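**Student:** Attaching a single structure in structure tokens format; questions to follow.
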Amino acid sequence: MNTALQLDKDLKLSEIFGDSDKAKALNYYSEAIGYYDGKIKIMWNEKKKTQGLLLYFSATGFKAWQNLGQLRGYDLSFTNLITFMVNKKARFTRLDVAIDVIDGNLTVNKLHEQLQNKKILILDSLKRVLSAKHQKFFGANKIITGITCGARSSDNFLRVYDKKIEQNKVNAPYFDLAQQSDSWIRIEGEFKHDAAHAILEDLNGKVQAEVSQKLIGYVVKRWLFTDSERKLIPLWQKLTDLANGAGTIPPLMPKFTDRLVQELKWFLVGGAAGVFYRVAQLFGEVGKADFLLFMFEYVAKPNQKNHYAIPSNMAQDLDLIRNQHPNIETINYYLNRTVSEIEKEKKANHTGQSND
């Protein structure tokens, strides 16, 4: 509580909103105080103080803190909050970036139709086409009002939805704007875990104009909306121009070491190692040697008949690895690291290796 009250003082929360109220804690936190009807919260766990404090802003709460603070003479800009967090050795655990497109040529319903007939494709940061299983659609009265891309539990999650329908209610805060606009779509990137942690460092020390460009860049570089020939659609090209080349940070693209360890982990825990084990059990030492010789030959003549077919994204993947880690270590370093991670996971889960 004492640390929470100090944070209240540092951020001028009580000065701006009045005394705090007891609030409902989220996630793994047990205690919370809130401001502005719970749109701003400070949370902690008395039994797990190593979790530290969680400072929560809704979009509405953050805007109120900025605007009402400005009326009291405080410069509570986003960039100043970033500096404050860095000085406190804090980090983002989740950051949502919203881009509003008002009276544009693309509606959510039209986007859905063009995704369905493959006139529009969604690519990831490695320019791989995301399959239909990564896309979900929702709506009402046979009209699609929203699209999501990715898993909610992942580092990066995308929503594109009809903001006009959401705000076209008399008690909605932007009802007038919804009435005046012909169309209004919101493109919202949700960044968590490693992606969110690194964003704070990436934004630190930047002026507001640079921050705005980077926030747009995080979204439009993580997901690319293209036509069937993989050329950016006009809306995405315009947003990319606004980003002006900003917005690429390491977690928004796979890290080399993490990526390689992940692939090796799949090999050692999943089907590949299981196949090798079966060969050894069925055919002994001679069978193992024959199997390895076959594998060497199989990958030695790629894209030839009866040999390994190289996936379309392989060249981009290898370039990414070489660019991110030019002084590459020996493979033994990564094999040892992979085995170490597997053992830690087995110990944490109290289970053996997964079924293959």
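**Student:** Take the alpha carbon gyration tensor of the range 6-92, find the square roots of its eigenvalues, order them as a ≥ b ≥ c, and report rounded if a/c is under 1.5; if not, report prolate when a/b exceeds b/c, else oblate.
**Tutor:** oblate
**Student:** Does the range 163-290 come out rounded, prolate or oblate by the C-alpha gyration tensor, with a ≥ b ≥ c the root eigenvalues, rounded set by a/c under 1.5 and, if not, prolate when a/b is larger than b/c and oblate if not?
**Tutor:** Verdict is prolate for the range 163-290.
**Student:** Give the calculated FRET efficiency between I342 and E210 to the nearest 0.05, with a Förster radius of 51 Å applied to their Cβ-Cβ distance.
**Tutor:** 0.80
**Student:** A further question follows. Among 120-127, 3-10, 327-334, what's the highest-first ranking by average C-beta atoms within 10 angstrom per residue?
**Tutor:** Answer by packing, highest mean first, reads 120-127, 3-10, 327-334.
**Student:** Taking a spot 7 Å from the Cα of N117 along the direction of its beta carbon, which residues of the range 222-241 have an amide N less than 16 Å from it?
**Tutor:** 227-229
**Student:** Report the accessible area of E15, computed with a 1.4 Å probe over the heavy atoms of all protein chains in place, in Å² rounded to the nearest 10.
**Tutor:** 90 Å²
**Student:** At 7 Å along Cα-to-Cβ for each site, give me the label-to-label distance between L318 and S77 in nm.
**Tutor:** Placing both labels 7 Å beyond Cα along the Cβ direction yields 4.6 nm.
**Student:** To the nearest 10 square angstrom, how much accessible area does V339 have with a 1.4 angstrom probe?
**Tutor:** Accessible area, nearest 10 Å²: 70 Å².
**Student:** Then there's this: Dipole magnitude of the range 125-235 about its Cα centre, charges +1 at Lys/Arg Cβ and -1 at Asp/Glu Cβ only, in debye to the nearest 20?
**Tutor:** Magnitude of the dipole: close to 400 debye.
**Student:** Keeping every protein chain in place, order F84, F138, F92, F283 by accessible area at 1.4 Å, biggest value first, i.e. largest first.
**Tutor:** Largest accessible area first, the list is F283, F138, F84, F92.
**Student:** With a sphere of radius 14 Å drawn around the Cβ of T145, what net charge do the other residues whose Cβ falls strictly inside it have (Lys, Arg +1; Asp, Glu -1)?
**Tutor:** Summing Lys and Arg as +1 and Asp and Glu as -1 gives +4.
**Student:** Give me the 1.4 Å probe accessible area per residue for the chain, excluding ligands and nucleic acids, in Å².
**Tutor:** Per residue, the chain has an accessible area of 62 Å².
**Student:** So if we plug the beta-carbon distance of R128 and V299 into 1/(1 + (r/R0)^6) with R0 = 22 Å, what FRET efficiency do we get, rounded to 0.05?
**Tutor:** The calculated FRET efficiency here is 0.55.
**Student:** Using packing as a proxy for protection, rank 108-117, 309-318, 216-225, 34-43 so that the peptide with the highest average count of other Cβ atoms within 10 Å comes first.
**Tutor:** 216-225, 34-43, 108-117, 309-318
**Student:** Moving on. Among A132, L81, Q70, which residue has its Cα positioned farthest towards the positive end of the charge dipole of the range 70-189, with +1 placed on the Cβ of Lys and Arg, -1 on the Cβ of Asp and Glu, and the dipole taken about the Cα centre?
**Tutor:** Selected residue: A132.
**Student:** Using a 1.4 Å probe on the protein chains only, how many percent of the accessible area of the chain belongs to carbon and sulfur?
**Tutor:** Carbon-and-sulfur percentage of accessible area, whole number: 53.
**Student:** On to the next question. Quick one: order R159, R128, R278 from most to least accessible surface, probe 1.4 Å.
**Tutor:** Of R159, R128, R278, the descending order of accessible area is R278, R128, R159.
**Student:** Relative to the longest principal Cα axis of the chain, at what angle does helix 193-203 sit, 0 to 90 degrees, rounded to 10?
**Tutor:** So the inclination is approximately 60 degrees.
**Student:** Also: Full-extension gain between S154 and Q6, please, as 0.36 nm times their residue separation minus the C-alpha to C-alpha distance.
**Tutor:** 50.0 nm
**Student:** Under 1.5 on a/c is rounded, so check that first for the range 97-233, then, if it is not, pick prolate when a/b is larger than b/c and oblate when it is not; a ≥ b ≥ c are the square roots of the alpha carbon gyration tensor eigenvalues.
**Tutor:** Oblate shape, in that a/c is at least 1.5 and b/c is the bigger or equal ratio.
**Student:** Separate question: Taking every pair of alpha-carbon atoms in the chain, what share in percent sits in each 20 Å bin, from 0 to the bin with the longest distance?
**Tutor:** 21, 50, 25, 4, 0
The values are calculated or read from the model by the stated rules, or taken from the named source; none is laboratory data. Keep in mind that this is a model prediction, so the values were computed, not measured. Every residue, glycine as well, gets a Cβ built from its backbone with ideal geometry; the counts of neighbours run over all protein chains shown. Heads up: the accessible areas ignore ligands, DNA and RNA and are worked out on the full protein's heavy atoms, side chains in. Shrake-Rupley method; radii C 1.70, N 1.55, O 1.52, S 1.80 Å.
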